[in-house]
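Derivation of every value follows stated rules applied to the coordinates shown; laboratory data play no part. Just so it is clear, the model here is predicted, and its values are computed rather than measured. Ideal geometry is used to build each Cβ from the backbone, glycine not excepted, and the neighbour counts take in all protein chains shown.
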Amino acid sequence: MHSTTKWSRRTFLSTSGFVSASALIPPWCRANPTNSREIAAQSYLVCTLSHDAEDASHPTLHAYVVENGNCRKLASMQSDNAIGAVAIHPRHRFVYVAHDTASYLNLPGASVSSFALDEFSGEFVQISREPLSLSATHPRHMAISPDGRILFVSATGGGAYNALLIAPDGRILPHPRVLKLARCGPHPLQSSASPFFASFTRSGRVAYACDFGGDCVDRLRFAENIPSIESTLRLAPGTGPVHLAIHPSQRLLTVVGSLRPTLTLVETDARTEALSRITQQITLPVAALEAASFSPSGHELSVAGRTKARERMLLTFEVNAASLTVKQTGAEYNSHGTNPHDGPTPYGSAFPQTRRYSLVATNVPAPYSPMVTSPENVLPAHFPTKTYGK
């Protein structure tokens, strides 16, 4: 069956944004019991988005706290506009939202907001909203430094990174530091630079970021909270990188290519955090790859994407720590658009077939990697009570 959708650069980026940033199955679901117990013993926040299956322009944001393997809802909020990215403060109950818009206050640029969670009223309480730099529109990802002081925004529209400071009370401070990119690639969807995803290293002094439009990975250093690009790793033309995963050892970086469905494994120096060399490149016979994550032990890599038959898939790879390479060990598939969760959920009611749920942010501490998408484009029925603490 042929799709009638006309794919433009904007359409691709808007539909891909939360695919790479969303996280539906935590990697520690596959972790060994020791790691699972370690995570379950902690208290951390999880945010999900839900929206009508046919309209994602007014999603509802939900916040939950997970304690000792049990999940408790804190707050919900319906957004007035589309949400491009969500991030959670690593130390406090503050949630940050990037508004997926082309303008704010009649100026050509998007904005970001910070919210406190009021457990008594069940509400998100907005404490600040700040504009991004001019022309920085349609943000697709946000990363917060481990010390909670820097909010780093990847804006695909306008091709810019924005770094904003976070005050101790959770407010976003004005006047972002801007890194404007001028790149392009050979694919029609790569007419200009499109910063897509970023991840801080454990030290917080360095972040790796991928540029979908420029086919490269930037190594950024933060000196006195001001970012600068220190080095750039060029990928194969037409790769279209959309996601990164840092190995718990800090010695390996996985780059996920979407336009050209490839995994590029890059050796990194654990001490200097420099990008060293490409150790492996794997091209997979699929339609697109979307996200990746290492297990807490570092022994396994999970990769999400779509097959040419439009099935959701989750591939698993064994990591060779000596050669810094991977070997595929498994695959799971599910038909695109299906929702198998028609029974009771941990929250006491069924997820309606007419809505879509995605887990988009968590503040689980390092070295645990960000989560990846599942074969289903909905929140798994077992999240989180059947996996955490087992």
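Scattering from the range 54-207 was approximated by placing one identical point on each alpha carbon and applying the Debye formula without solvent; log10 I(q)/I(0) at 0.15, 0.16, 0.19 1/Å stands at -0.80, -0.90, -1.20. Convert 37 °C to kelvin, take the viscosity as 0.692 mPa s, use the Kirkwood radius over C-alpha pairs of the range 143-200 as Rh, and evaluate the Stokes-Einstein diffusion coefficient in µm²/s, rounded to a whole number. D = 264 µm²/s.
Rg and Dmax of the range 280-321, based on Cα coordinates, read 11.1, 33 Å.
Taking every alpha-carbon pair under 8 Å whose residues sit at least 6 apart, the range 200-314 reaches a relative contact order of 17 percent. Remark on Ser297: its backbone amide H falls under 5 Å from those of Asn32, a criterion applied only to residues 5 or more positions apart or on other chains, H modelled at 1.01 Å from N. Put simply, the amide H of His243, placed in the peptide plane, has neighbours under 5 Å in Val256, leaving out anything fewer than 5 places away on its chain. For the pair the range 139-179 and the range 197-250, the centres of their Cα atoms are 15 angstrom apart. With Rh defined as the Kirkwood radius, the inverse of the mean 1/r over Cα pairs, the Rg/Rh of the range 58-146 is 1.00.
Taking packing as the residue-averaged number of other Cβ atoms within 10 angstrom, the listed peptides 221-231, 105-115 run from highest to lowest as 105-115, 221-231. Other residues lying with their Cβ under 13 Å from the Cβ of Tyr161 contribute a combined charge of +4, Lys and Arg counting +1, Asp and Glu -1. Summarising the amide proton neighbourhood of Thr268: residues at separation of 5 or more, or on other chains, whose placed amide H is nearer than 5 Å comprise Leu252, Leu253, Ser276.
If R0 is taken as 45 Å, the Cβ-Cβ distance between Asp147 and Lys308 corresponds to a FRET efficiency of 0.55.
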